[in-house]
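Have a look at the structure below before the remarks.
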Amino acid sequence: MSLTAYSLPSECPHLEERELCHYDPDQAKVQSGSDQLARHIPWRRILLSKPVWAIWLGTFNKYWVVSVMTTLQPQFFNDIYGLRAADIGFLLSAQPLVNSVFVMLGGILADKLMYDKILSATGTRKMLQALGGYLEGLSLIAVAFTSDWRYSYAFFLSAYAFGGLSVNGYKVNRVDLSSQYANIVAGISLTGSSGGAVSTLIASMILGDRSISSWRTIVIVAGSMSFACSTAYMFMGSGERQAWDIERPPSKSVKDKGKSGDHKTDKDEDFSVKNCLLEESDLSDSSSE
């Protein structure tokens, strides 16, 4: 058994035309890596793009909250309720599983909203980011005002779960913005992982005496961060393809292509929106007969 990977759906010899129609036609226009392409990357426009920084804020918030949930949560239950990690280890290990389930549910909901044209890509991303971020923040703040470990655990669990919905907001948004430079947008946004280091540093400064008031501050700050970053995403986020992705460097000449080894397959030439529409029309006609 062997596994193979291809740069584009149109390069896969096992996909039929009707299957290719499910992919974004712009994906077929993505240029392979080259020196010429690297020289024409619109770095300035990407770095000044508000939607890119909206994704960065979502990443920063996610790593901030995950750091609190994974690194500090066991210590929280020990300091406040006298519970060791061994006592509630199984319950804590269930939280990432619940998060994964909500990530998948959010993906199904996003596909339904966009494919049925109930919401645009922008509306879908913002709705899931708001739904996940605000409910996550509310759950974390609620932890500060509970006096029973069972309620605290339930609110931590709900925060983990709702955080999975926001993944379908900010995290997959990079593909909406750009097909050509999605990897660059991903690299920029992943610098937001510094949120985990910042939250741990701030927690170490606040948790001097490990008192109830100190822990209350920690979870309130984490919840407020979710509210703030989700609100910023509402104003800065977008699900539309950006202008700096549409403008591509001029294609290389045939001679240059021969030197670099780049070539287009027959499927690259034949794959178009028109072919997709014709294919769908044939399928509908045959089904009606």
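The values are calculated or read from the model by the stated rules, or taken from the named source; none is laboratory data. Fair warning: this is a prediction, and the values are worked out from it, not measured in the lab. Note that each Cβ is placed from the backbone with ideal geometry, even for glycine, and that neighbours are counted across all protein chains shown.
What helices (runs of 4 or more DSSP H) lie completely within region 122-211 and have 3 or more residues being of a type in the set (D, E) and touching a Leu at 6+ places or on another chain (Cβ under 8 Å)?
So the answer is none; nothing clears 3.
So D209 fits all but one of (1) over 30 Å from R39 (Cα atoms); (2) touching a Phe, Trp or Tyr at 6+ places or on another chain (Cβ under 9 Å); (3) among the acidic types (D, E); what number is the exception?
Result: D209 passes all but (2).
Out of I108, I118, I41, report the one residue that is modelled with pLDDT of 90 or more, within 29 Å of F235 (Cα to Cα) and not in a helix (DSSP H, G or I).
Just a single option satisfies the conditions, and that option is I118.
Please specify each residue of region 201-224 satisfying the condition of being under 23 Å from the mean Cα position of the chain (by Cα) and either crowded, with 16+ Cβ neighbours inside 10 Å or without any contact (Cβ under 8 Å) to a residue 24 or more places away in the chain (or both).
Residues satisfying the conditions are V221, A222, G223.
Can you run down the residue pairs with Cβ atoms below 8 Å, 6 or more apart or on separate chains, where the first is in region 37-57 and under 18 Å from I246 (Cβ atoms) and of a type in the set (S, T, N, Q) and the partner is part of a helix (DSSP H, G or I) and at pLDDT 90 or above?
Matching pairs, first to second residue: S49/L177.
For region 62-95, which residues satisfy the criterion of being of a type in the set (G, A, S) and not in a helix (DSSP H, G or I)?
G82
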